[in-house]
Amino acid sequence: MTTSFLAADTIGNPAINISIFAAFVVITLVIVIRASRSNTNATEFFTAGHAFTGPQNGIAIAGDYLSAASFLGIAGAIAVYGYDGFLYSIGFLVAWLVALLLVAELLRNTGKFTMADVLSFRLKQRPVRLAAAISTLTVSLFYLLAQMAGAGGLVALLLDIHGRAAQSVVIAIVGVLMIVYVLIGGMKGTTWVQIIKAVLLISGAALMTIMVLAKFGLNFSDILGSAQEMVSKATTKGVASRDVLAPGAKYGTSTTSKVDLLSLGLALVLGTAGLPHVLMRFYTVPTAKEARRSVVWAIGLIGAFYLFTLTLGYGAAALVGPDTILKAPGKENSAAPLLAFQLGGVILLGIISAVAFATILAVVAGLTITASASFAHDIYASVIKNHRVTEDEQVRVSRIAAVVLGIAAIGLGILANGQNVAFLVALAFAVAASANLPTILYSLYWRRFNTRGALWSMYGGLISCIVLIVFSPAVSGTKTSMLPGEDFHFFPLSNPGIVSIPLAFLLGIIGTLTSRDTGDPELNAEMEVRSLTGVGAEKATHH
């Protein structure tokens with residue numbers, strides 16, 4: 001089966017693409033403005049007044065979780081690397097089960113607005129809140145970086161923009177839109193954007209999956225055969241020798257590559273349970289029962305979506321071919337839009353791209369509200385003002401923080417433009433798994449855990465992870481690094497999870513056992529009862 005080469009200037013019609021984008025932005029802004037009318041206090045702004053049902057929140061969680069990395073990055077990785085690309089899907093899905101079974105409901109029962117509420121429940125408030133807030137802000141910035149890079153690549157492809165300066169302008173526009181969503185809509189507006197986007201994204205992916213299968217007579221093995229045929233004909237250096245069904249195309253067969261793969265898997269599987277913007281979604285439902293219902297909905301939708309990415313990735317390899325994908329402006333991230341163009345021409349491309357764009361907008365809005373809420377609630381209200389602060393003041397500070405974060409994200413997104421989005425998100429997962437997860441698990445499950453253990457674990461995990469990322473091949477030393485011209489890397493792995501995650505768990509144990517502080521028995525008991533049963537949580541969330 002042959003495929004005509006898609007020249008960059010024939011990818012759809014920029015005017016149609018822009019009009020579909022604009023329609024989506026206008027519709028969602030109207031919804032956000034309507035939702036914002038009820039943002040009267042901090043509970044409304046940060047947790048949407050606990051007003052969403054389980055199914056609604058489950059769809060919104062899927063919307064929050066299925067980021068540009070899930071759609072553009074994974075489809076691209078499967079199209080170019082085959083089996084190794086699908087490992088991202090497996091990692092993200094297994095991670096979700098870990099997060100929900102171990103952490104989600106207990107957190108929902110113990111907290112109020114943010115992750116730091118849970119971590120500081122029975123420990124010393126100020127130092128623990130500060131550490132948790134710094135960690136939340138760092139993870140959110142890493143994640144934002146990935147989404148903004150995705151936006152740059154996607155819009156570059158659709159509007160046929162090749163210059164870095166013009167792509168930087170696009171990234172800035174996405175940043176400004178995101179700031180507007182958060183400032184106006186708060187959590188309620190953001191949640192509605194997530195719900196609309198989740199429905200669009202999953203429907204779009206399902207439609208494309210059906211179209212790909214229909215092209216091959218519903219025979220999945222034919223898709224794999226055609227994909228292998230296209231790969232073997234590729235002229236791009238190193239692509240033709242790949243076996244798309246065997247492991248090793250991306251990670252190689254050397255010992256370092258295998259350890260890197262293990263490190264990536266560890267970061268993906270353990271990272272979700274430490275992602276602040278996913279955990280914060282559980283505070284938008286009224287009861288623990290609804291939190292459980294939202295989990296069931298989320299797992300069903302996310303699982304279905306990752307099955308679609310398998311067909312889309314191999315379908316893109318078979319119908320578009322890795323050569324065309326790697327020569328397009330967004331490189332790997334352009335596989336899904338190119339496949340849409342191949343299947344349904346200009347209109348389907350415009351719709352799928354608008355959905356991908358919506359995905360980026362919705363996820364960055366969710367991240368920004370999480371990070372700004374954490375700053376306002378944990379750093380400003382608790383650490384700086386020592387809880388002597390009104391709710392209006394907290395909301396105002398949160399809005400200012402959203403603007404500052406948005407500007408920082410724009411700058412970092414411009415820097416990371418052109419990197420594979422799924423890879424960048426994996427770094428955010430490594431930071432979340434190192435800095436947050438050990439402390440969350442110890443706080444919920446280990447009574448002896450104390451303040452020193454929490455601080456050592458959080459700061460140790462965060463600092464070791466970031467230092468290793470900076471001195472890894474992800475930043476310098478290879479052609480695909482963020483700074484390809486420099487070389488100051490000494491750490492051989494692209495993802496530091498395999499070192500920084502066990503280190504953070506270990507530091508939590510050492511810090512706890514070397515301190516005489518055994519905590520307040522009453523608070524320890526109260527936290528245990530509340531996290532397991534939810535008794536007392538409603539009182540805390542509505543006070």
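Taken together, the values in this text are just the output of simple stated rules run on the coordinates, not laboratory data. Keep in mind it's a predicted model, so treat the numbers as computed, not measured. Neighbour counts are summed over all protein chains in view; Cβ atoms, including those assigned to glycine, are modelled from backbone coordinates with ideal geometry.
Summary table
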quantity	calculated
0 to 90° range, to nearest 10: angle between helix 54-65 axis and the chain longest Cα axis	60
With Cα atoms, 0 to 90° folded angle of helix 288-319 axis to the chain main axis	20
Rg/Rg_ref, region 126-269, where Rg_ref = 2.2 N^0.38 Å and atoms are Cα	1.44
Gain on full stretching of the segment that runs from A23 to A206 - 0.36 nm per residue minus C-alpha separation	63.7 nm
Proximal aspartates and glutamates relative to K327, as straight alpha-carbon distance under 15 Å, when same-chain residues fewer than 8 apart are discounted	D9, D160
Greater than 27 Å apart at Cα, pairs in K215/K479; K250/K331; K188/K289	K215/K479
Efficiency of FRET from Cβ geometry, A15 and L101, R₀ 35 Å, rounded to 0.05	0.15
Matching label, Rg and Dmax of the Cα atoms in Å computed from the structure shown, candidates [x] 22.5, 71; [y] 43.2, 176; [z] 29.7, 111	[x]
Separation of alpha-carbon centers, region 469-485 and region 254-298, rounded to whole Å	27
Per-bin percent of Cα-Cα distances, region 264-328 [10 Å]	16, 31, 28, 18, 7, 0
Whole-Å distance, taken between Cα centres, linking region 120-198 and region 514-531	35
For region 352-430, the fraction of alpha-carbon pairs in successive 10 Å shells from zero, as %	16, 39, 28, 14, 2
FRET efficiency estimate (nearest 0.05) - Cβ-Cβ, N386 to L218, R0 60 angstrom	0.40
Theoretical gain in end-to-end length, F471 to Y445 [0.36 nm per residue, Cα-Cα removed]	6.0 nm
Alpha carbon convex hull of region 347-482, projected area averaged over orientations, nm²	11.7
Cross-link partners of K385 among lysines (Cα-Cα below 20 Å; sequence separation of 8 or more within a chain)	K112, K124
19 Å Cα-Cα reach of K258 towards aspartates and glutamates, excluding residues that sit fewer than 8 places from it in its own chain	D84, D243
Relative intensity, log₁₀ I(q)/I(0), of region 210-319 from a Debye sum that treats every alpha carbon as a point, q = 0.18, 0.19, 0.20, 0.21 Å⁻¹	-1.02, -1.05, -1.09, -1.12
Potential lengthening between F488 and K124 on full extension [0.36 nm per residue; Cα-Cα distance subtracted]	127.1 nm
Using a Förster distance of 30 Å, the FRET efficiency for L415-T533 (Cβ separation, nearest 0.05)	0.05
Helix 521-533 vs. the chain, principal-axis angle (Cα, 0 to 90°, nearest 10)	40
Kirkwood-based shape ratio for region 94-191, expressed as Rg/Rh from alpha carbons	1.10
